[in-house]
Structures are given as C-alpha cells and as structure tokens.
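S.K.: Below you will find the structure I want to go over with you.
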Amino acid sequence: MKRSFPSSLLLYFSLIVLTLLIGLPFWWVLSGAFKLPQEIIARVPTMVPHSFTLQHFMKLLSGSDYPTYMVNSMIVAVLSTAVTLALAIPAAYAFFRLAFPGREILYRVILLAYAFPSTVVLIPLFGMFAKIGLIDTLAALVIVNVTFALPFSIWMLRSFFASVPKEIEEAAIMDGTPPTIILRRIMIPLIAPGIASVGIFAFISAWTEYVFASVLILSDAKRTVPVGFSGIIGQYQIDWGLLLAGASLAVLPVVILFALVGRWFVSGLTEGAVK
C-alpha cells in the first residue's frame, strides 16, 4: 500500500531524529578524541573539530595499561563467545528438536536462571571461585559470561530451529544419519543468521561486562577495558582527551564485528521475529 505524503514525511522525520539521537553522541566522542585539550574544554562545544591531534591516542597507548586491558577484554570476549556458541547450539537443538524425559522442566529451569539479577549471585560466586582458585583469572570472567549469556542464547535459537522443516531431519534420519551429523551438516548451515545473532550478543555482553570484572579481578594486569578504563578517570581531575580516545578504541572491536557479520545479525533478528 502506498503511503500518503504526510505519513512518509513523518516517517523520514522520525528516522532523522532517531539517527541524530544515536549518532551525535558517538560523533562527539570520536571527534573529541582528535581535538586539542583546550578545544575539548572550551565553553562553546564544537561538533566539527577545529584542531587535529593524535596526542591522546599516543598517551593512552604508551603511557597507560590500556593495550593490556584491550588484550584481556578480547581474550575474554572471544572465549566467552566461542564457549557460548559451542554449548547453546547443541543445547537448543536438543531442547527444540529432540524428545527426552524432563525436557520442558529443564528448559524452564535454565530460563529461570536468566531472571535473577547478576548482583544476587555475586557474593556466592566470589566465594565459590575463591575456593577453587579462580579469583583474579580471566577464566572466571569467561565462566560468568557464559553462564549469563547461555540461557538467552538457547531461547534465541529456538525460533531458528523451529523455522527448519522437520521433513529435512526426517529424511536424514531415514538414511541412518545420527543427530550429531544432522546438527553439524544440516542444521548449522541453515540457521547461520541465528548463530551470528547469538555470537554478537555473547561478544558484546562479555566485552561490556563490568560488575563481575570489577570484583573477581584484583590485579591491574588482568583487568578488562570497562574496569581498567574507569581507572583513567581521576578522583579530582579528568583527562577528557584520554577518556574520549579510550572510549573510541573501546567501541572499535564492536564496530569491526558488526562490519563483518552485521548483515547476518540483522537477517537473524528479522527472521527470529517473524517465525
């Protein structure tokens, strides 16, 4: 159906306003990272930089432990994403395509774990990790991230498995194909958009996690970007150029990830919404 001119005008106006609301803060952070200090703290803010400098990035990378924080965050995020996908895909397939006793009860119990706020289990997890020697290790963060990302990831993959016709599996079963081969060679290629969506969700969740990283990590050498980045903000003075440069670099891995698999992510969200 063809839209009327007023409705089309309202739609475009809403998109422009939404784009400005989302894009202007990012532009201010990115452009501010290249401004001279006096322009950053000027009384009248400048959306278009009148100066250009790389001193904030040079100071951040050579005068702080920010590169170490980036490496730690990348290790935690990549491992958390890989483990989440390795567990969520077969678990979702078992829950939604295989029949076994207690399937519905177990599925509801897993989703119930996602309903609790993370701070509720913060102290018990700290005590448990302390007993097994995982405090101040990146492995502790990976375990926590996977634990909280897995229930939602399993639920998110449900609609994608439901979109695959059961006749495909039935034909493979009649040929004597075991479930593991069906999952690896048939189902995974068919639900690739859903896997991309879950992967991006797990990566961003691990990359931005702050609460557990601030409690479970004690040494500066093991800190991730959110925790280490907060240390750059001084108690009595803030280096705004350093802060804006760090924020720009912190967003970079997420931007690169969306550039690589963003098309699958959008497709996955769209297909998951209509199935």
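Every number in this text was worked out from the coordinates using simple rules, so none of it is lab data. As the structure is a prediction and not an experimental result, all values here were calculated from the model. Positions of Cβ are backbone-derived with ideal geometry, glycine not excepted, and every protein chain shown enters the neighbour counts.
S.K.: Which label belongs to the value computed from this structure, given these candidates for Rg/Rh (Cα atoms, Kirkwood Rh): [x] 0.98; [y] 0.93; [z] 1.05?
M.R.: Answer label, from the structure shown: [z].
S.K.: Using only Cα atoms, tell me the angle between helix 103-115 and the longest principal axis of the chain; keep it within 0 to 90° and round to the nearest 10.
M.R.: Helix 103-115 and the main axis of the chain meet at about 10 degrees.
S.K.: Moving to a separate point now. Quick one: Cα centre-to-centre distance for region 109-175 and region 36-97, in angstrom?
M.R.: Between the Cα centres of region 109-175 and region 36-97 lies a distance of 24 Å.
S.K.: Given springs between every Cα pair under 10 Å in a Gaussian network model of the chain, which of VAL198, VAL254, VAL227 has the largest fluctuation?
M.R.: Between VAL198, VAL254, VAL227, it is VAL254 that shows the largest mean-square fluctuation.
S.K.: Further question: Any chance you could give the angle, 0 to 90 degrees and rounded to 10, that helix 122-132 forms with the longest Cα principal axis of the chain?
M.R.: Around 80 degrees separate the two axes.
S.K.: Quick one: grab Rg to one decimal and Dmax as a whole number for region 1-142, Cα atoms only, in Å.
M.R.: Considering region 1-142 through its Cα atoms, Rg and Dmax are 24.6, 67 Å.
S.K.: Counting only pairs 8 or more places apart or on different chains, how many lysine pairs in the chain have C-alpha atoms closer than 25 Å? Please list the in-between numbers first.
M.R.: Numbers: LYS35/LYS59; LYS59/LYS222; LYS131/LYS222; LYS166/LYS275.
Final tally of qualifying lysine pairs is 4.
S.K.: How large is log10 I(q)/I(0) at q = 0.15 Å⁻¹ when the Debye formula is applied to the Cα atoms of region 121-183, each weighted equally and without solvent?
M.R.: -0.66
S.K.: How large is Rg over Rh for region 1-80, taking Rg from the Cα atoms and Rh as the Kirkwood inverse mean of 1/r across Cα pairs?
M.R.: Over the Cα atoms of region 1-80, Rg/Rh equals 1.21.
S.K.: Rounded to the nearest 10 degrees, what's the angle between the helix 66-97 long axis and the longest principal axis of the chain, both from Cα atoms, 0 to 90?
M.R.: With both axes taken from Cα atoms, the answer is about 20 degrees.
S.K.: Based on the alpha-carbon set only, what is the convex hull volume of region 95-207 divided per residue, in Å³?
M.R.: Expressed per residue, the convex hull around the Cα atoms of region 95-207 is 140 Å³.
S.K.: Continuing with the same structure: Add +1 for every Lys or Arg and -1 for every Asp or Glu among the other residues with Cβ under 14 Å from the Cβ of LEU242, and state the total. Numbers along the way, then the final one.
M.R.: Working: positive: LYS35, LYS59; negative: ASP65, ASP239.
Net of charged neighbours comes to 0.
S.K.: Let me ask you something else. Within a Cβ distance under 14 Å of PHE57, other residues only, what is the Lys/Arg minus Asp/Glu net charge?
M.R.: +1
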